[in-house]
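The values are calculated or read from the model by the stated rules, or taken from the named source; none is laboratory data. Just so it is clear, the structure is predicted and the values come from calculations on it, not from any experiment. Every residue, glycine among them, receives a Cβ derived from its backbone with ideal geometry; neighbour counts consider all protein chains shown. Protein only, heavy atoms only, side chains kept; ligands, DNA and RNA dropped before computing areas. Shrake-Rupley method; radii C 1.70, N 1.55, O 1.52, S 1.80 Å.
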Amino acid sequence: MNSFFRSALALGLISTFIGCQTLFGKKSESSKTTDSAQPVITVENEKVLTDKDTLPYQASYTRLHDLLHTKLTVAFDWQKQQMNGTAELILKPYFYDQKEIVLDAKGFDIHEVSLLKPSAKTLVYSYDKKKLTITLDKTYTQKDTFELKIRYTAKPNELPKGGSAAITEDKGLYFINADGKDPKKPKQIWTQGETEAASCWFPTIDAPNERCTQEMFITAEDKYTIISNGELIYSKKNADGTKTVNWKMTKPHAPYLFMMVVGEFAEVKDSWRGKEVNYYVEKAYEPYAKAIFGNTPEMLEFYSTRLNYDYAWNKYYQVVVRDYVSGAMENTTASVFMEALQVDDRALADDNWETIVAHELFHHWFGDLVTCESWSNLPLNESFANYSEYLWLEHKFGKDEADYHSIDEQDGYLGEAQTKQVDLVRFHYKEREDMFDAHSYNKGGRVLHMLRNYVGDEAFFKSLSVYLKKNQFTSVEIHNLRLAFEEVTGEDLNWFFNQWFLDKGHADLKISHRYEAGNLIVKVKQDQDPSTTPIYKLPLDVDIYDVQDNKVRKRIWITKANEEVKIPLATKPKLVIEDPEYQILGTVERSKPTEEWYAQYSLATNYLARLEAIENIFQGGTEGVNPFENNPKNRELLHSILKDSFWDIRFNGLALFSKFFIENPSEYASEMETIALTDSKALVRARCIFLLNSLDGAKYKTVFDKSIDAKPYSVAGASLFALLSQKDSVAIARLPEFEKYNNMNIIIPLAVYFTESIDVSKYQWFKNAITTATDRGVYQLLSYFGTYLTLVTAEEKKDGIQVLKEISEKNKHEVIREAAKAQLESLK
């Protein structure tokens with residue numbers, strides 16, 4: 001599962017820079033917020049309440065029966081947005097003798113409940129719209145199997161509304177544009193089972209520690225593609241213009257991983273080791289499907305080899321649907337993705353969807369093959385999927401790219417940790433959806449990264465292979481993972497698992513070092529609150545560079561809140577970097593002389609070490625000192641930064657021009673023009689174009705002219721913005737051409753121009769832009785749309801307010817609804 005606003009959000013490139021610029025030099029007022037101070041009441045000698053005291057214990061579901069096989073025969077009523085189904089379930093008692101069975105079945109009309117085997121007969125049942133309790137014909141033992149038949153109608157739109165930030169609805173079965181009245185949206189049907197919404201469209205034991213094999217017989221109009229888990233057995237046309245498609249899963253998986261998709265799609269075929277690897281997108285995006293998903297076969301090979309466990313399933317499909325309730329979902333053999341993945345080649349030149357594709361694929365080992373036994377153990381699914389993103393980026397694009405992503409993930413966790421700190425694997429929570437947070441995803445991925453750094457690559461991946469092979473097609477808890485690592489390493493790892501998986505918080509370290517009497521002395525203070533967070537046992541690597549720039553790595557152990565560790569050293573080092581891989585979860589404040597920071601930028605191969613050096617060298621602005629004033633060394637260093645091998649360093653170098661006054665910026669004109677025209681990262685090119693425009697737009701007009709037709713939308717949009725800010729007649733003449741683009745990097749410069757030039761003829765363009773945008777695009781465009789409504793006619797303003805009201809009431813994402821409400825409020 002990949003939640004909608006997880007990690008970097010991909011909310012676009014160009015708006016990042018436009019927010020602090022206007023076309024004609026007018027300054028916008030910044031929004032003001034106030035914090036209501038709350039009184040702090042201290043009660044001495046009173047117990048500090050924890051989650052264990054205030055929240056219920058969430059046990060794994062007790063297994064009274066073992067669900068062996070599910071056969072579903074279904075057809076749809078588009079008009080009523082309902083599904084008529086027949087479920088045939090093969091079960092047996094798990095251990096104890098059973099005279100009745102309770103199935104999860106939410107909001108159905110039940111038409112028949114009967115026994116098929118061992119003998120056919122009608123059964124007595126009771127039903128409360130959530131649980132279907134069936135009285136069996138006799139007492140069954142664990143040696144007996146029986147088969148039930150249940151005819152029912154699923155009515156998802158009549159279910160109580162639920163959901164969370166990660167999964168915005170939980171009705172299981174979704175009809176999209178069912179009446180076909182929206183010409184801009186295809187008719188589709190799709191399902192979403194996680195966490196326990198599978199029982200909204202078929203009766204089952206809806207628990208993560210249950211698994212079974214599966215057959216699906218799905219009937220829909222012949223024009224539609226019908227997709228489900230497993231192997232396609234047949235597709236048969238019916239006399240009434242429909243067809244029935246039979247899919248079969250012969251390997252067991254959890255009910256929440258069952259899926260169906262019905263709709264009109266372009267099918268783009270690929271393969272890996274003879275297995276189907278197909279991509280399903282809307283027809284308009286067929287030319288780009290392989291650009292979006294085309295690395296999937298390489299991912300399959302990489303993960304299968306790295307884990308020493310080949311992809312276990314018969315196929316792998318990836319399907320993009322409309323109005324999805326999450327980012328993506330790892331349904332076994334057929335992952336479903338949100339519509340934001342449907343982009344053209346120009347958008348892909350800006351950024352890609354590699355991490356979400358990798359995330360859902362890796363779940364087919366961690367989540368589908370081996371499944372968490374309870375939602376308390378969700379990190380065994382999601383932390384691994386999160387870390388798969390790092391593994392893929394490291395393999396395909398290099399360690400720097402992976403480290404950039406990893407720190408971004410850590411920042412997501414640290415942001416959440418300001419208001420929420422809970423155990424990673426937690427058995428006390430209010431709602432199971434609470435588990436889908438930056439702890440289970442971001443923090444868990446970083447914890448796995450620390451574990452990998454501690455045990456080493458060979459032991460890490462061998463342990464994962466042991467874990468998978470020992471627990472394949474079963475459900476697991478966190479101790480299964482620990483035992484696999486202990487089997488491989490021979491080490492008791494309770495200390496690691498207890499403090500990182502089974503406790504809350506993170507490390508807040510202050511580190512310094514000094515050299516005296518033949519010793520390098522490393523001083524570490526653990527500054528986290530020991531009343532709520534462990535004092536960690538930390539293996540701390542230390543890179544030591546001598547005056548000849550030779551490096552040696554030492555590992556020391558930190559076990560106390562305040563500790564000094566001596567490392568014998570014959571001569572004073574030139575540079576010392578503690579935690580040189582930047583892998584400790586938390587905050588690390590390193591203190592060292594300025595000359596060491598210069599050496600760190602020069603010598604460190606790790607991009608994060610170079611970035612930290614830059615941040616410390618140029619932190620003078622916090623003390624009111626300009627680090628470039630009368631400092632030729634820093635001016636020379638900036639030349640190197642703008643030529644650094646990794647894009648984020650170059651990006652941060654460009655940011656220095658906005659942070660500080662740099663006299664004679666034309667000294668860097670050569671580097672900046674090269675970046676603007678040829679940098680390998682579109683984000684850096686766009687940032688540089690905005691910078692050049694702010695420094696001297698007229699001087700760099702030829703750069704903008706050359707870049708306005710660049711392939712990446714962000715670069716073209718930045719150039720368009722720059723030229724419009726100069727009221728360039730050629731750019732203005734091309735506005736009708738740019739108005740046709742449906743990309744926020746182009747739309748937002750136009751929105752700014754139309755607003756600031758008070759062009760009141762563009763209301764329909766604005767309305768079309770916001771009503772056809774993806775959710776992410778809507779979020780970006782809301783403030784511009786709200787501002788434009790202050791300029792238009794009363795009739796258009798009234799219509800625009802209705803557009804905002806619909807977004808504020810019907811959009812499935814709370815953050816977007818609230819943003820729309822804010823615009824409505826401002827219009828009052």
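Search the range 307-335 for residues being part of a strand (DSSP E or B) and over 14 Å from the mean Cα position of the chain (by Cα), and hand back the single one that is farthest from TRP247 (Cα to Cα).
The extreme case among them is VAL320.
ALA613 fails exactly one of the following numbered conditions: (1) open to solvent by 50 Å² or more (accessible area, probe 1.4 Å); (2) without any contact (Cβ under 8 Å) to a residue 24 or more places away in the chain. What is the number of that condition?
(1)
It is to be established whether one or more residues within the range 221-230 are on the phi < 0 side of the Ramachandran plot, out of contact with any strand residue (DSSP E or B) (no Cβ under 9 Å at 6 or more places or on another chain) and surrounded by 18 or more Cβ atoms within 10 Å (Cβ to Cβ).
no
Check ASP350 against each of (1) open to solvent by 20 Å² or more (accessible area, probe 1.4 Å); (2) over 30 Å from LEU232 (Cα atoms) and name the one condition it does not meet.
(1)
Can you tell me which residue among ALA517, ALA459, ALA561 is surrounded by 17 or more Cβ atoms within 10 Å (Cβ to Cβ) and hydrophobic (A, V, I, L, M, F, W, C)?
ALA459
How many of the residues making up the range 789-828 are aliphatic (A, V, I, L, M) and more than 25 Å from the chain's Cα centre (by Cα)?
10
Looking at the range 486-514, which of the residues that are more than 29 Å from the chain's Cα centre (by Cα) and small (Gly, Ala, Ser) is surrounded by the fewest Cβ atoms within 10 Å (Cβ to Cβ)?
GLY490
Answer yes if at least one residue in the range 382-389 is among the hydroxyl-bearing types (Ser, Thr, Tyr), touching a Lys or Arg at 6+ places or on another chain (Cβ under 9 Å) and not in a helix (DSSP H, G or I), and no otherwise.
no
Considering only the range 110-134, how many residues are among the hydrophobic types (A, V, I, L, M, F, W, C), open to solvent by less than 30 Å² (accessible area, probe 1.4 Å) and either in contact with a Ser or Thr (Cβ under 6 Å, 6 or more places away or on another chain) or assigned to a loop (DSSP other than H, G, I, E, B) (or both)?
1
May I ask you to verify whether GLY163 is among the small types (Gly, Ala, Ser), within 27 Å of the chain's Cα centre (by Cα), surrounded by fewer than 23 Cβ atoms within 10 Å (Cβ to Cβ) and assigned to a loop (DSSP other than H, G, I, E, B)? Please lay out each step first, then the result.
Working: among the small types (Gly, Ala, Ser): yes; within 27 Å of the chain's Cα centre (by Cα): yes; surrounded by fewer than 23 Cβ atoms within 10 Å (Cβ to Cβ): yes; assigned to a loop (DSSP other than H, G, I, E, B): yes.
Here the answer is yes, as GLY163 does meet what is asked.
Output the number of the condition that LEU781 fails; it satisfies all remaining conditions of (1) touching a residue at least 40 places away in the same chain (Cβ under 8 Å); (2) assigned to a helix (DSSP H, G or I).
(1)
VAL74 fails exactly one of the following numbered conditions: (1) β-branched (Val, Ile, Thr); (2) part of a strand (DSSP E or B); (3) open to solvent by 40 Å² or more (accessible area, probe 1.4 Å). What is the number of that condition?
Status for VAL74: all satisfied but (3).
From the list ALA716, ALA751, exactly one residue is closer than 17 Å to ALA349 by Cα and out of contact with any strand residue (DSSP E or B) (no Cβ under 6 Å at 6 or more places or on another chain). Which is it?
ALA716
Among the candidates GLU382, GLU431, GLU394, which residue alone is under 28 Å from LEU300 (Cα atoms) and open to solvent by 10 Å² or more (accessible area, probe 1.4 Å)?
The unique qualifying residue is GLU394.
List the residue pairs whose Cβ atoms are under 6 Å apart, where the first residue sits in the range 276-304 and is more than 18 Å from GLU339 (Cα to Cα), the second is of a type in the set (Ser, Thr, Tyr) and surrounded by 16 or more Cβ atoms within 10 Å (Cβ to Cβ), and the two are 6 or more positions apart or on different chains.
Here the result reads VAL277/THR296; VAL277/TYR316; LEU300/TYR311; SER304/TYR311, each pair linking the range 276-304 to a residue that is of a type in the set (Ser, Thr, Tyr) and surrounded by 16 or more Cβ atoms within 10 Å (Cβ to Cβ).
All but one of (1) without any contact (Cβ under 8 Å) to a residue 40 or more places away in the chain; (2) closer than 17 Å to LYS762 by Cβ; (3) part of a helix (DSSP H, G or I) hold for VAL792, so report the exception by its number.
So VAL792 meets the others, but not (3).
Any idea which residue in the range 575-594 is farthest from GLN619 (Cα to Cα), counting only those that are of a type outside the set (A, V, I, L, M) and open to solvent by 30 Å² or more (accessible area, probe 1.4 Å)?
Step by step, filter the range 575-594, then rank; the result is GLU581.
Would you point out the residue of the range 550-602, among those that are aromatic (Phe, Trp, Tyr) and in contact (Cβ under 8 Å) with a residue 24 or more places away in the chain, that is nearest to SER640 (Cα to Cα)?
Per the criteria, the residue is TYR601.
Scan (1) in contact (Cβ under 8 Å) with a residue 40 or more places away in the chain; (2) under 19 Å from ALA570 (Cβ atoms) for the single condition ASP546 breaks and write down its number.
Failing condition for ASP546: (1).
Might you check whether a residue that is under 23 Å from ALA609 (Cβ atoms), assigned to a helix (DSSP H, G or I) and open to solvent by less than 20 Å² (accessible area, probe 1.4 Å) occurs anywhere in the range 658-669?
Pass one, the range 658-669, residues under 23 Å from ALA609 (Cβ atoms): 659-660.
If we keep only those that are assigned to a helix (DSSP H, G or I) as well, we get 659.
Retained after the next criterion (residues that are open to solvent by less than 20 Å² (accessible area, probe 1.4 Å)): none.
No; the residues of the range 658-669 include none that is under 23 Å from ALA609 (Cβ atoms), assigned to a helix (DSSP H, G or I) and open to solvent by less than 20 Å² (accessible area, probe 1.4 Å).
Would you pick out the residues in the range 354-374 that are part of a helix (DSSP H, G or I) and either open to solvent by less than 10 Å² (accessible area, probe 1.4 Å) or within 25 Å of ASN314 (Cβ to Cβ) (or both)?
Once the filter is applied, which keeps residues that are part of a helix (DSSP H, G or I) and either open to solvent by less than 10 Å² (accessible area, probe 1.4 Å) or within 25 Å of ASN314 (Cβ to Cβ) (or both), the range 354-374 yields GLU354, ILE356, VAL357, ALA358, HIS359, GLU360, LEU361, PHE362.
Out of all the residues in the range 397-425, which are of a type in the set (S, T, N, Q) and open to solvent by 40 Å² or more (accessible area, probe 1.4 Å)? Working first, answer last.
At the first step, the residues of the range 397-425 found to be of a type in the set (S, T, N, Q) are 406, 410, 418-419, 421.
Answer for the range 397-425, where residues must be of a type in the set (S, T, N, Q) and open to solvent by 40 Å² or more (accessible area, probe 1.4 Å): GLN418, THR419, GLN421.
Residues that are among the acidic types (Asp, Glu) and at pLDDT 95 or above: find the strands (runs of 3 or more DSSP E) completely inside the range 210-279 holding 2 or more of those.
Working: elements: 212-221, 225-228, 231-237, 242-253, 260-263, 266-268.
Of the strands (runs of 3 or more DSSP E) lying wholly inside the range 210-279, those with at least 2 residues that are among the acidic types (Asp, Glu) and at pLDDT 95 or above span 212-221.
Residues that are open to solvent by less than 10 Å² (accessible area, probe 1.4 Å), at pLDDT 95 or above and in contact with a Pro (Cβ under 6 Å, 6 or more places away or on another chain): find the helices (runs of 4 or more DSSP H) completely inside the range 674-767 holding 2 or more of those.
713-725
What's the total number of residues in the range 294-308 that are more than 15 Å from ASN278 (Cβ to Cβ) and either buried (at least 20 other Cβ atoms within 10 Å of the Cβ) or charged (D, E, K, R) (or both)?
Taking the range 294-308 and keeping what is more than 15 Å from ASN278 (Cβ to Cβ), we get 298, 301-308.
Pick out the ones that are also either buried (at least 20 other Cβ atoms within 10 Å of the Cβ) or charged (D, E, K, R) (or both) and you get 298, 301, 303, 306-307.
Counting residues in the range 294-308 that are more than 15 Å from ASN278 (Cβ to Cβ) and either buried (at least 20 other Cβ atoms within 10 Å of the Cβ) or charged (D, E, K, R) (or both) gives 5.
Name, by its number, the condition in (1) in a loop (DSSP other than H, G, I, E, B); (2) touching a strand residue (DSSP E or B) at 6+ places or on another chain (Cβ under 9 Å); (3) surrounded by fewer than 18 Cβ atoms within 10 Å (Cβ to Cβ); (4) not hydrophobic (A, V, I, L, M, F, W, C) that does not hold for ASP137.
Single failed check for ASP137: (1).
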